[in-house]
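The next block holds one structure in the form of structure tokens; read it before the comments.
Each reported figure results from applying straightforward, stated rules to the coordinates on display, with no laboratory input. Since this is a predicted model, take the numbers as computed values, not measurements. Note that we place each Cβ from the backbone using ideal geometry, even for glycine, and neighbour counts take in every protein chain shown.
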Amino acid sequence: MALISNILTQVFITLIAVTGVYVLTGLTGMFSLGQAAFMAIGAYVSGLLVVKAGVPFVLAIIIAVVAAMGIGYLIGYPVVRLRRDYISLVTLGFGEAIAALLNRMTSLTGGASGFTGIPRKTTLIMAAISAIAVIALVAFFKTSKYGRQCIALRGDELAAKAMGINVTKIKMTTFIFSVALTAYSGCLYAFYMSYVDPSGFGWKKSADWVIMVFFGGVNSLSGSVIGAFILSALPQVLRGLANYRYVIYAVLVLLIINFKPTGLLGEWELTPKNIKQLFTKKKSVKNSHKEEGEG
Amino acid sequence: MGVMLKVNDLSVNYGHVKALKHANIEVESGKIVSIIGANGAGKSTMLRAISGLVKPATGNVEFMGSALPAKPSKIVAKGVVHVPEGRKTFSGLTIRDNLLVGGYLYKGKQLEENLEKQYKLFPILEERKNQFAGTLSGGEQQMLAVSRGLMSNPKIILLDEPSMGLAPIIVNQIYDLIRQIRDSGITVLLVEQNARKALGICDYAYVLENGIISLQGTGDELLRSDSVRKAYLGG
């Protein structure tokens, strides 16, 4: 039971981070390979505030998320003005720089040996409620006017601009929103593990999240969430298989990308209306899926 | 009817390439004005400069007596909307959502009214409103792009090559539509390579050649002009 609760808590924390990646990559088409750095900022800032300055837990989380948003603004200001492929390069560099910085600031962060002694405050219930709230918030964002504008500019930036959409502003808002979600997951992570070290926040983690989003379906929030759920739980559940679990993980990802390039769910969203439609007229849904794949 | 849109001494450079050189045009309100010219003559650049997608090197654009703002988002709010070439619909959104993006300046009842108006003008879009835009045919996507532009309730609509890559019968439908748009009181600035079509429909036209306005006149005048016939209508 303790093991299951442990796995689930970590999965929920990852879900929050991946939902942040979905907001960025799924809605606006920007790739961040330094997203994990924002998780690190959330984890370290909240942890340090509580341990070294005695700030209350909730306040520490708020300060950490706001601090991450501030840093997100600084890095986002040039980033959202770049072409998409450069965005991943800049964020990659930023992410590695943050990891290096955490390694070097030994007196404050403990350096490579990690930062310990963070009180354990995150519970399974808290992680679960946070994950559900974050997913609901993003679902609402996706169907809002801003979400539509994000998807529009992902489809065609020039046309979106010609329509009068303020592309830079929308991208910036979305970037900071995504940073806030990821930083929040970092806070929960620090107060669950009670120990953080810089090696866990490198580009590999950011890339993992991008894989999860694509695995489930980059155009579908429910797909991304399901993808994140499966892929983050899998290595934990298969712990008994030692390193073979990573082979299984890789094979699974390759199979999906090969046979269903739009991800598990494609553009389909798990809403009550769509589920009903699936059972009433299965055929038409399938057909529209095929055509989406081509477009 | 007065002059609605006035382009004064407009030049645009892309690096060293001078795409548009000191061009002047006037668009009277309630009319269809065409700009024709060969590939690379600067037609699309003219529209992009008007809608704020590129910054002009010299000159300015006057709209209803005052200078247009520089940002595309503010230009649309003034009532100038640009439908770029190549049927750029938002493939990740449904048709209804595409239209809603176009009408982002409005909300609630006004937005619904605009939507109803577009569905009346383009019944095919209502039929398929919940399909993704990528599933439409070329002609339907062009109609969606135009309709999406109209969702912002423009005073003038800038159409860039609406006939590009479409079958002749579909081109005729699109042109009927352009007439309908004008008749509903919206001014049209039309850019086309299809010179015969564009001159046939317009009230006034300009010929762009290597970034310079080389000729202007009513559609009939230009259709009869020798140089236009040689260069654009095949003799």
Signed unit charges on C-beta, dipole axis of chain A, positive-most listed residue A:LEU241, A:LEU108, A:LEU15: A:LEU15
Top positive-direction residue, dipole computed over region B:44-139 with Cβ charges, set B:VAL61, B:PHE132, B:GLY103: B:VAL61
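For chain B, what number results from the quotient of the Cα radius of gyration and 2.2 N^0.38 Å? Could the numbers behind the result be given before it?
On the way: Rg = 17.3 Å, N = 235, 2.2 N^0.38 = 17.5 Å.
Cα Rg divided by the expected 2.2 N^0.38 Å: 0.99.
For chain B, calculate the relative contact order in percent as a whole number, restricting contacts to Cα pairs under 8 Å that are 6 or more residues apart. Could the numbers behind the result be given before it?
Values: 463 pairs, mean separation 64.2, N = 235.
About 27 percent, as a whole number.
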Kirkwood Rh in Å, taken over all unlike Cα pairs in region A:147-259: 16.5
Fewest-first sequence of B:VAL188, A:VAL21 by Cβ atoms within 10 Å of each Cβ: B:VAL188, A:VAL21
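Treating only the Cβ of Lys, Arg, Asp and Glu as charged (+1, +1, -1, -1), what charge dipole size does chain B show about its Cα centre? Round to the nearest 20 debye. Can you show the working numbers first?
Values: 28 positive and 22 negative charges, 99 e Å.
Using Cβ point charges on Lys, Arg, Asp and Glu, chain B gives about 480 debye.
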Principal axis dimensions, largest first and in whole angstrom, of chain A by Cα: 60, 48, 31
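So for B:ILE212, A:ILE41, fewest C-beta neighbours within 10 Å to most, what's the order?
Working: B:ILE212 15, A:ILE41 26.
The most exposed by this proxy come first: B:ILE212, A:ILE41.
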Centre separation in Å (Cα based) which lies between region A:51-70 and region A:86-106: 21
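Just how many % of Cα pairs in the protein assembly as shown lie over 45 Å apart, if you round to the nearest whole percent? Don't skip to the answer; put the middle values down first.
On the way: 37613 of 140185 pairs.
In whole percent, the long-distance tail amounts to 27.
Could you list the square roots of 5 times each eigenvalue of the Cα gyration tensor of region A:1-95, that is, the equivalent ellipsoid semi-axes, sorted largest first and rounded to whole Å? It would help to have the intermediate numbers written out before the result.
Details: eigenvalues 142, 74, 20 Å².
Computed over region A:1-95, the values are 27, 19, 10 Å.
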Ratio of the Cα radius of gyration of region A:21-158 to 2.2 N^0.38 Å, where N counts its residues: 1.19
Per principal axis, descending, Cα span of region B:157-209 in whole Å: 28, 27, 17
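Once you have the alpha carbon radius of gyration of region B:22-124, what is it after dividing by 2.2 N^0.38 Å, with N set to its residue count?
Here the answer is 1.24, to two decimals.
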Inter-part distance where region B:180-210 and region B:54-96 are each reduced to a Cα centre, Å: 18
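What list do you get for B:LEU144, A:LEU238, A:LEU74, A:LEU188 if you sort them by fewest beta carbons within 10 Å?
Details: B:LEU144 24, A:LEU238 15, A:LEU74 10, A:LEU188 27.
The most exposed by this proxy come first: A:LEU74, A:LEU238, B:LEU144, A:LEU188.
Which three numbers, in whole Å and largest first, are the semi-axes of the equivalent ellipsoid of region A:80-197 derived from its Cα gyration tensor as √(5λ)?
Here the semi-axes work out to 34, 22, 8 Å.
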A:ILE125 paired with A:ALA53, simple spin-label distance in nm, labels 7 Å along Cα-to-beta-carbon: 3.0
